[in-house]
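Novice: Just passing along the structure, written as structure tokens.
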Amino acid sequence: MEHLPVPIQTAYHELMQRFRVRPPLSVPGSIMRIEKSGRGYWVSRRRIGDRVVEKTIGPETPEVLATVAAARAEREVYDGWRKKNATLVSMLKAAGILSLDIDTGKVLSSLSRVGFFEIGGILGGTNAFRLYPALLGVAAPASEMVFTGDVDMLAPSHIRLAGPREPLTSRLRSAGLEFETRFPMGPADTSKHVVQDNIEIEIIGPVARGGETSYFHEGSQEPVAALRLLEFSLRDPVRVVALYREGVEVTVPAPERFALHKLIVAQLRTGSFKSKRTKDLRQASWLLRVLAEARPNETMNALRDIRSRGPTWRKHLSASLREAPDAAKALRWIEAETDDPEPGGDPSKG
């Protein structure tokens, strides 16, 4: 694996750290004074999509003037934070770190603004995979492994959007994201949301108790597609920063769980979806080779978790490892490095 230069790794981790100490902004938008019926009022205005939204702060009283002064001080600190972030993002992009295209950036920014990641929502699929090289300090893999037109939004069963019972898609539109909803062809399918005929958004959840292929997710107030065995990759997610504008902080599966889950779901790719199996196995193999050096103990713990989940999980894992010898080799190396009781054995067996 080609490691990123130390200054680039340092810059990326500085960017992530800056989001841990993000300054507050109690009054978003521009603050200005207006007059109504000869009396002064203070308002904030901000653009959301193609709309300008105005919010009243209050009439010109000593208390409101104090609020305005405090909000302007917050804005100055926040703008400095954003400017520094934007500089780091530009540096990282120039160094070849994978960034977001405009449409995907808009989607992830909108998801962040409506609080999807804050409540436990997770970004999945290839867009999550694209964020692992920078996190792990290595150069990006071949382009065919990182190309995608999908944004997979993973909705764990427990998450609940704050505030009124408003669908997630309605919140995204209110946040300025423009998309077309394409309704399902069959009763077992869910709607797809398409941005600029380019990016397809899908909401995915773990299989519910009844085993249906789709169901209504109360926490997001949306129908979701159910993905078998998804629950494994939802455990212990990590926060990372995607490169778009001043950066967008998102939640993704832990890289070792993403890689091992890909080995499992590859065996579920049947029919028209079988063509995706090769991509699953290539992503898993590449990531496991990196993790063998970067996170061997975490990967071994995740492998033990799979082994404990029963014969179906072990069967799928074993089948994928036969198809992906590089992944099998990486797991054998991890077992040896972590002094697992079965070094060099079949990683699919418990």
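The values are calculated or read from the model by the stated rules, or taken from the named source; none is laboratory data. Keep in mind it's a predicted model, so treat the numbers as computed, not measured. In this analysis, Cβ positions are derived from the backbone assuming ideal geometry, glycine residues included, and neighbour counts consider all displayed protein chains. To get the accessible areas, we keep the full protein, side chains included, count just its heavy atoms, and leave off ligands, DNA and RNA. Shrake-Rupley method; radii C 1.70, N 1.55, O 1.52, S 1.80 Å.
Novice: Computed from the mean reciprocal separation of all distinct C-alpha pairs, what Kirkwood hydrodynamic radius does the range 56-127 have, in Å?
Specialist: Values: mean 1/r = 0.0642 Å⁻¹.
One decimal place: 15.6 Å for the Kirkwood radius.
Novice: Note down the net charge around Val68, summing +1 for each Lys or Arg and -1 for each Asp or Glu among other residues with Cβ under 14 Å from its Cβ. List each step's numbers first, then the result.
Specialist: Values: positive: Arg33, Arg45, Lys55, Arg72, Arg75; negative: Glu60, Glu63, Glu74, Glu76.
Summing Lys and Arg as +1 and Asp and Glu as -1 gives +1.
Novice: Where the accessible area of the range 20-135 is counted over protein heavy atoms with a 1.4 Å probe, how much of it, in %, is carbon and sulfur? Working shown, then result.
Specialist: Working: 3110 of 6040 Å².
The value for the range 20-135 is 52 percent carbon and sulfur by accessible area.
Novice: If you build the convex hull over the alpha carbons only and average its shadow over all orientations, what do you get for the range 1-98? Give it in nm² to one decimal.
Specialist: Numbers: hull surface 34.4 nm².
Projected area, direction-averaged: 8.6 nm².
Novice: Using modelled amide H (1.01 Å from N, peptide plane; none on Pro or chain starts), what sits under 5 Å from the amide H of Val138, excluding residues fewer than 5 places away?
Specialist: So Val138 has HN proximity to Leu4.
Novice: Based on the Cα atoms of the range 209-345, what semi-axes does the equivalent ellipsoid have, where each is the square root of 5 times one gyration tensor eigenvalue, given in whole Å with the largest first? Kindly include the intermediate steps, with their values, before the conclusion.
Specialist: Details: eigenvalues 134, 82, 46 Å².
Taking √(5λ) for each Cα gyration eigenvalue gives 26, 20, 15 Å.
Novice: If you don't mind, there's one more thing I want to ask. Could you tell me the calculated FRET efficiency between Ala208 and Glu178, based on Cβ-Cβ distance and R0 = 30 angstrom, to the nearest 0.05? Let's see the in-between values first.
Specialist: On the way: r = 31 Å, r/R0 = 1.03.
Computed FRET efficiency for Ala208 and Glu178 comes out at 0.45.
Novice: Moving to a separate point now. List every residue whose amide H lies under 5 Å from the amide H of His217, counting only residues 5 or more places away in sequence or on a different chain, with H placed 1.01 Å from N in the peptide plane.
Specialist: Glu222, Val224
Novice: Could the peptides 277-288, 324-335 be put in order, highest first, of the mean number of other beta-carbon atoms found within 10 Å of their residues? Mind showing how you got there, number by number?
Specialist: Working: 277-288: 22.2, 324-335: 20.5.
Highest to lowest by the protection proxy: 277-288, 324-335.
Novice: Could you run the Karplus curve 6.51 cos²θ - 1.76 cosθ + 1.60 with θ = phi - 60° over the range 241-252 and give me ³J(HN,Hα) per residue in whole Hz, x for Gly and Pro?
Specialist: After applying 6.51 cos²θ - 1.76 cosθ + 1.60, I find 10, 8, 8, 7, 6, 8, x, 10, 7, 10, 10, 10 Hz.
Novice: Another question about this same structure. I'd like to compare 161-168, 248-255, 200-207: which one has the highest average count of other Cβ atoms within 10 Å, and what's the full order after that? All intermediate terms of the calculation are to be shown ahead of the outcome.
Specialist: Numbers: 161-168: 13.2, 248-255: 23.4, 200-207: 20.0.
Descending mean neighbour count gives 248-255, 200-207, 161-168.
Novice: If you place +1 on the Cβ of every Lys and Arg and -1 on the Cβ of every Asp and Glu, how big does the dipole about the Cα centre of the chain come out, in debye to the nearest 20?
Specialist: I would put it at about 340 debye.
Novice: What part of the accessible area of the range 272-313, given as a whole %, is carbon or sulfur when the probe is 1.4 angstrom?
Specialist: Details: 970 of 1990 Å².
Taking all protein chains in place, the range 272-313 shows 49 percent carbon and sulfur surface.
Novice: Given axes a ≥ b ≥ c from the Cα gyration tensor, I'd like to know whether the range 153-234 is rounded (a/c under 1.5), prolate (a/b larger than b/c) or oblate. Working shown, then result.
Specialist: Numbers: a/c = 1.80, a/b = 1.27, b/c = 1.42.
Cα axes put the range 153-234 in the oblate bin.
Novice: Suppose R0 equals 51 Å. What FRET efficiency, 1/(1 + (r/R0)^6) with r the Cβ-Cβ distance, do Arg33 and Asn297 give to the nearest 0.05? Can you show the working numbers first?
Specialist: On the way: r = 58 Å, r/R0 = 1.14.
That gives a FRET efficiency of 0.30.
Novice: To continue, here is another question. For Lys329, give me every one of the aspartates and glutamates with a C-alpha distance below 12 angstrom, ignoring sequence neighbours fewer than eight places off in its own chain.
Specialist: Here the aspartates and glutamates satisfying the reach criterion relative to Lys329 are Asp346.
Novice: How much accessible area per residue does the chain have, in Å², with a 1.4 Å probe? Intermediate results must be reported in sequence, preceding the final value.
Specialist: Working: 17160 Å² over 350 residues.
That works out to 49 Å² per residue.
Novice: Residues in the range 198-221 near a label at Ser170, defined as backbone nitrogen under 20 Å from the 7 Å Cα→Cβ point?
Specialist: 202-204, 215-221
Novice: Taking the Cα centroid of the range 51-100 and of the range 195-261, what is the distance between the two, rounded to the nearest whole Å?
Specialist: So the two Cα centres are separated by 29 Å.
Novice: Can you pull the percent of the range 216-266's accessible area that's carbon plus sulfur, 1.4 Å probe, other chains left in place? Please list the in-between numbers first.
Specialist: Working: 700 of 1450 Å².
Summing carbon and sulfur atoms, their accessible area is 49 percent of the total for the range 216-266.
Novice: Between Arg173, Arg322, Arg228, which gets the highest mean-square fluctuation from a Gaussian network model of the chain, Cα cutoff 10 Å?
Specialist: Between Arg173, Arg322, Arg228, it is Arg322 that shows the largest mean-square fluctuation.
Novice: Once you've got the Cα coordinates, tell me which of Lys93/Lys315; Lys84/Lys279; Lys55/Lys83; Lys192/Lys262; Lys93/Lys279; Lys84/Lys276 are over 31 Å apart.
Specialist: Details: Lys93/Lys315 41 Å; Lys84/Lys279 36 Å; Lys55/Lys83 25 Å; Lys192/Lys262 22 Å; Lys93/Lys279 25 Å; Lys84/Lys276 39 Å.
Lys93/Lys315; Lys84/Lys279; Lys84/Lys276, as the Cα separations exceed 31 Å there.
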